[in-house]
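I have placed the structure first, in the form of structure tokens, so that the comments after it can refer back to it.
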Amino acid sequence: MAFVFLAAGCGPTAHIEKDDNADFSRYKTFAWLDKDDKGNKTSDLTEQRIRKAVNQELQKTGWRESTTNPDIVLSYDVLVERSVRQESDPVYTRPFTRTFYSPYSRRFINVYYPSQFVGYDSYNVPTREGTITITMIDANTDKTVWQGWATEQLDSRNISSKEINSTVKAIMRKLDVAKR
């Protein structure tokens, strides 16, 4: 049981906004919004991976892709930006030994003083964060009915397929919550 909670807490945290008047029970088909060449700054490979991950998650819940007369039009946005993460390490004093002379016993006595906690040393670490935003637009009314996004710390300069899959899964879990 503890392993399940530990594994669930490892993914990125997703956030959603939805139209409260939208009836998600009537949405069963989807299509992708074509991106124009001017605003698209993601690579073709990243676009394929995002679309594939979203398609798989939607098909698990019973949705299907339709190029003619879809209920929902999907769009996505990817943002990779530099950020700063603050970290801190505990700081301890150095342990030491002090020697005293005891005139009563006429001996030298060694007293050990252990290290003690004195605070934290804080510093900034530069990182990269990737945010994926998925938007669902009602095809009949052209109104946004649902939008989900998640931010994850990236291991490299670009967003990897593993990071795309985990982020999309986190976002799509919130879609199930929005349907209820």
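Every number here is computed from the coordinates shown, using simple stated rules; none is lab data. A quick note: this is a predicted structure, and the numbers were derived from the prediction, not measured. Ideal geometry is used to build each Cβ from the backbone, glycine not excepted, and the neighbour counts take in all protein chains shown.
Values computed for the structure shown
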| item | result |
| --- | --- |
| Residues within the stretch 91-113 that are assigned to a strand (DSSP E or B) and farther than 30 Å from Tyr123 by Cα, tallied | 12 |
| Lone unmet requirement of (1) of a type in the set (S, T, N, Q); (2) within 41 Å of the chain's Cα centre (by Cα); (3) over 24 Å from Asp34 (Cβ atoms) for Ser105 | (2) |
| Hits in the stretch 91-109 - residues which are in contact (Cβ under 8 Å) with a residue 12 or more places away in the chain, of a type outside the set (S, T, N, Q) and surrounded by fewer than 10 Cβ atoms within 10 Å (Cβ to Cβ) | Arg94, Arg98 |
| Filter result for Tyr112 (over 18 Å from Asn165 (Cα atoms), of a type in the set (Phe, Trp, Tyr), touching a strand residue (DSSP E or B) at 6+ places or on another chain (Cβ under 7 Å) and in contact (Cβ under 8 Å) with a residue 12 or more places away in the chain) | yes |
| Boolean, Asp138 is among the charged types (D, E, K, R) and surrounded by 14 or more Cβ atoms within 10 Å (Cβ to Cβ) | yes |
| Lone qualifier among Glu47, Glu57, Glu87 - being surrounded by 10 or more Cβ atoms within 10 Å (Cβ to Cβ), of a type in the set (D, E, K, R) and assigned to a strand (DSSP E or B) | Glu87 |
| Residue match in the stretch 86-102 (condition: within 30 Å of Gln147 (Cβ to Cβ) and not aliphatic (A, V, I, L, M)) | yes |
| Conditions (1) surrounded by fewer than 10 Cβ atoms within 10 Å (Cβ to Cβ); (2) touching a Leu at 6+ places or on another chain (Cβ under 9 Å): number failed by Arg128 | (1) |
